[in-house]
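Note sheet for the following structure.
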Amino acid sequence: MLLHLPALPTILLAIASWMIIHMGVSYLMTHISLSPFDPEFWLYKQRKWEKDGKIYVCKNIQIEEVEEKVTGWRRLVQKGVQEETP
């Protein structure tokens with residue numbers, strides 16, 4: 001340990017440190033420029049290689065194939081919510 005303090009000062013220092021960190025991040029995030037989040041920002045513009053969004057669509061897979069894959073691994077997942085039967 002770099003600096004050994006008794007328990008109470010260590011706890012108080014940890015609380016103060018986290019408060020300063022959280023307040024500092026909150027202050028910075030509320031004062032950043034919103035221009036990078038604009039939908040017209042250069043980063044979000046459509047590119048030629050995207051081919052009008054066709055690159056993001058998989059034409060070779062059918063809905064039935066997806067359902068088969070989901071039912072295949074669904075039994076491995078624990079149930080968090082009871083399924084309602086109609």
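The values are calculated or read from the model by the stated rules, or taken from the named source; none is laboratory data. Everything quoted here is computed from the prediction, not taken from an experiment. All Cβ positions, even for glycine, are placed from backbone atoms using ideal geometry, and neighbour counts span all protein chains on display.
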Discussion item. I need every pair where a residue in the stretch 34-53 that is part of a loop (DSSP other than H, G, I, E, B) has its Cβ under 7 Å from the Cβ of a residue that is among the hydroxyl-bearing types (Ser, Thr, Tyr), sequence separation at least 6 or different chains.
Written reply: 41/35
Practice prompt. Just give me the residues in the stretch 54-69 being in a helix (DSSP H, G or I), modelled with pLDDT of 70 or more and hydrophobic (A, V, I, L, M, F, W, C), in sequence order.
Written response: 55
